[in-house]
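A.B. asks: Below: one structure in structure tokens.
Bear in mind that the values in this text are calculations on the coordinates, not laboratory data. Remember, it's a predicted structure, so these values are computed and weren't measured experimentally. Because the Cβ atoms are built from the backbone with ideal geometry, glycine has one as well, and the counts that use them run over all protein chains shown.
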Amino acid sequence: MNFGMVLTRQTERHPDKIAIKFEGKSFSYQQLNNRVNQFAHALLSVGIQKGDRVAVLLHNSNEYLEAFWATSKIGAVLVPINWRLGPKEVQYIVNDSEAKLLLYGSSFSETISKIAHETKSLEEHVIVNGSDDLGIHYEAFIQGKSMGEPDPNGADLEDLFILMYTSGTTGFPKGSMLTQNNILWTSINQIMDFEVNKDDKTLVVAPMFHVGGLLIFSLPVIHAGASMVILRSFDVENVLRTFDEEKITTFFGAPTMFHDICQQNEIISKYDFTSLRLMLSGGAPLPLPILRKMIEFFPNAGFTEGYGVSETASCTSFLSSSDIFRKSGSVGKPFTHNEMRVINDKGEDVSPHEIGEIILRGPTTMKGYWNKPEATESSFIGDWFKTGDLARMDEEGYFYIVDRKKDMIISGAENIYPKEIEIVLYEHPSILEASVIGVPDEKWGESVMAVVVLKPGEKVTEDNLIHYCKENLASYKKPKYIKFVQELPKNPSGKILKHVLRKQCSQVIKRNTTEKSPEKQS
């Protein structure tokens, strides 16, 4: 048995039910399964075998999901590629994964042409919605191929299914090896804990190259025989209109999406959101003011936050909507089939409210990192995956993310957690976004710097904000420096790239310190 049988079974049960809507096109379960099988047979016809990698560089589309289900049926390995990457970064993933076939959108033809001679493993190029000198058009590629089921024994649940490259917030991405079994249990977790059912209709707008867009809600709705509407990209009014017109019931978004929705007071009243029953935020912490605004805008929808990493197929823990204020700031408890612990540097479980590193175990946990045995070994304690995230757990078993282990600031031997300062900054009425980092300090080792984006039309000084932080935090935690910027560098999942900020700001601090030194002044 393989995971692709899930789609086959739902097709047998309700072939005429709409599975996917995308840009004016609707696909019933039977139509979707026919296309999936055609693509699977097309892959087999050009020599793609079990274990071969199929890279995908596409915006959200029905073809993306067709590739997902087709590779699952024949045991090939899907390699989603971040479409915001530059040519050299795309080249790195294609070469690192040794992909044999690349499925890509016509808008990326220029990128692909630039790297064509440097991607030696690629044997086939298949292009969606366009043409170029390299790729055969997707529809031509699948035309005439059998709509029958591929050999069900061609893949099984233990097979490698997805190489999900980490978001690369600290450097070159690593390929997390997710098996079909990992994906099965990720789906089961959501069906059970989010109570996904055949009557649900989810809106998929988060990028499918990320575990959130590919696996959260979009995966279990097919598993449960429900439906989805796919949007190519995020546009606030289009999302709100779709909530209303399609009677969407569930929605997953990154905090940046919810932030943008909260700025739309003037158009919220135009639409009806009574169908929404559950909204999930994930990928980064959601500031409390935005959470309050979302609940005001969507009073009928339960709102929940989730915590996950690529290495565990996204689903790790979630905070139920009933606890959203009682346990404000928490990422909740593990999903039904996952385990979480918080340990110290000795590998021992910490006491309640003591800070340590989160480790995870369960059937959603990856096999390891692709072609990186040393990184794999250093990331596990037995079968427990070390996340690198610092957290504490309260007496009731709720987890609270404190920060990334690598982001912790050590100033004068004091541990300072940037997230704690960021929470305070987000409560300031003039601040739109904020990120806190450590910068070099000759006396203290590191000092605290806050990088801030102000709301349009707002004005506040560096001294104002430092004083504000001093009033709300221990003095040693207040920022020594405030840097105002127009926007913060982020990866496509909405996570702020602190390593970019540290590099930029450390150079500025170093240069300013050097200019003020006695040697330079003399």
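A.B. asks: Work out how much length residue 110 to residue 410 would gain on full extension: take 0.36 nm times their residue separation and subtract the Cα-Cα distance, in nm to one decimal.
C.D. replies: 103.5 nm
A.B. asks: Efficiency by 1/(1 + (r/R0)^6): what FRET value for residue 487 and residue 195, r their Cβ-Cβ distance, R0 = 35 Å, to the nearest 0.05?
C.D. replies: The value I calculate is 0.40.
A.B. asks: Can you grab the distance from the C-alpha centre of the stretch 115-138 to the C-alpha centre of the stretch 253-305, Å, no decimals?
C.D. replies: Between the Cα centre of the stretch 115-138 and that of the stretch 253-305, the gap is 39 Å.
A.B. asks: Determine the gain in length on full extension of the stretch residue 372-residue 153; use 0.36 nm per residue of separation and subtract their C-alpha separation, reporting nm with one decimal.
C.D. replies: This chain segment gains 75.9 nm when fully extended.
A.B. asks: Once both axes come from the Cα atoms, what is the angle between helix 498-516 and the longest principal axis of the chain, in degrees from 0 to 90, rounded to 10?
C.D. replies: 30 degrees
A.B. asks: Using only DSSP helix segments of four residues or longer, with each worth -39500 (n - 2.57), what per-residue ellipticity at 222 nm results for the chain after dividing by its residue count and rounding to 500?
C.D. replies: Calculated mean residue ellipticity at 222 nm is -9000 deg cm²/dmol.
A.B. asks: Using modelled amide H (1.01 Å from N, peptide plane; none on Pro or chain starts), what sits under 5 Å from the amide H of residue 389, excluding residues fewer than 5 places away?
C.D. replies: The answer is 358, 405.
A.B. asks: Same structure, new question: If each residue's Cβ is checked for other Cβ atoms within 10 Å, how do 92, 165, 271 rank with the fewest at the top?
C.D. replies: 271, 92, 165
A.B. asks: Can you order the peptides 60-68, 24-32 by their average number of other Cβ atoms within 10 Å per residue, highest first?
C.D. replies: With the highest mean Cβ count within 10 Å placed first, the list reads 60-68, 24-32.
A.B. asks: Can you tell me how the stretch 5-393 classifies by the Cα gyration tensor, rounded, prolate or oblate, using a/c under 1.5 as the rounded cut?
C.D. replies: oblate
A.B. asks: Calculate one ³J(HN,Hα) per residue across the stretch 415-423 by plugging θ = phi - 60° into the Karplus curve 6.51 cos²θ - 1.76 cosθ + 1.60, and present them in order as whole Hz with x for glycine and proline.
C.D. replies: Karplus-based 3J(HN,Hα) across the stretch 415-423 equals 7, 10, 9, x, 4, 4, 6, 4, 4 Hz.
A.B. asks: So what J values fall out for the stretch 391-398 if you push phi through Karplus, 6.51 cos²θ - 1.76 cosθ + 1.60 with θ = phi - 60°, rounded to Hz, Gly and Pro as x?
C.D. replies: 7, 9, 10, 8, 5, 8, x, 8
A.B. asks: Related question: Under the Karplus relation 6.51 cos²θ - 1.76 cosθ + 1.60, θ = phi - 60°, what is the ordered set of whole-Hz ³J(HN,Hα) values for the stretch 283-296, x standing for Gly and Pro?
C.D. replies: Taking θ as phi minus 60°, the curve returns x, 6, x, 9, x, 4, x, 6, 4, 4, 5, 4, 5, 5 Hz for the stretch 283-296.
A.B. asks: Return 353, 259 ranked ascending by Cβ neighbour count within 10 Å, so the fewest neighbours appear first.
C.D. replies: 353, 259
A.B. asks: Let me ask something else about it. Sequence gap at least 6, Cα distance under 8 Å: using those rules, report the relative contact order of the chain to the nearest whole percent.
C.D. replies: 10 percent.
A.B. asks: Going by alpha carbons, how many degrees (0 to 90, nearest 10) lie between the helix axis of 180-193 and the longest principal axis of the chain?
C.D. replies: Once rounded, one gets 70 degrees.
A.B. asks: Amide H to amide H, which residues 5 or more places from residue 368 or on other chains are under 5 Å from it, using H placed in the peptide plane?
C.D. replies: Counting only residues 5 or more places away or on other chains, the set is 177.
A.B. asks: Is the shape of the stretch 110-150 best called rounded, prolate or oblate, per the rule: a/c under 1.5 gives rounded, else a/b larger than b/c gives prolate, else oblate, with a ≥ b ≥ c the square roots of the Cα gyration tensor eigenvalues?
C.D. replies: oblate
A.B. asks: May I ask you to order 433-445, 354-366 by the average number of other C-beta atoms within 10 Å around their residues, highest value first?
C.D. replies: Packing order, densest peptide first, comes out as 354-366, 433-445.
A.B. asks: For the pair residue 442 and residue 246, what calculated FRET efficiency results from E = 1/(1 + (r/R0)^6), where r is the Cβ-Cβ distance and R0 = 45 Å, to the nearest 0.05? Mind dumping the intermediate values first?
C.D. replies: Numbers: r = 58 Å, r/R0 = 1.29.
My answer for the efficiency is 0.20.
A.B. asks: Work out, step by step, the length gained on full extension between residue 13 and residue 470: first 0.36 nm times the residue separation, then minus their alpha carbon distance; give nm to one decimal.
C.D. replies: Taking residue 13 through residue 470 to full extension adds about 158.3 nm, to one decimal.
A.B. asks: Right, here's the next one. For each of 44, 465, count neighbouring Cβ atoms within 10 Å of the residue's Cβ, then give the residues from fewest to most. Intermediate results must be reported in sequence, preceding the final value.
C.D. replies: Values: 44 20, 465 23.
Lowest count first: 44, 465.
A.B. asks: Chymotrypsin sites (Phe, Trp or Tyr not before Pro) within the stretch 288-330: which are DSSP loop residues with at most 14 other Cβ atoms inside 10 Å?
C.D. replies: Hits after loop and neighbour filter: 325.
A.B. asks: Are there any trypsin sites (Lys or Arg not before Pro) in the stretch 147-217 that are in a DSSP loop and have at most 14 other Cβ atoms within 10 Å? List them by number.
C.D. replies: Answer in residue order: 198.
A.B. asks: Take the Cβ-Cβ distance between residue 326 and residue 237 as r, set R0 to 35 Å, and report the resulting FRET efficiency rounded to the nearest 0.05.
C.D. replies: 0.60
A.B. asks: Give the long-range amide H neighbours of residue 331: residues separated by 5 or more places, or on another chain, with amide H under 5 Å away, using H modelled in the peptide plane at 1.01 Å from N.
C.D. replies: HN-HN under 5 Å from residue 331: 399, 400, 401.
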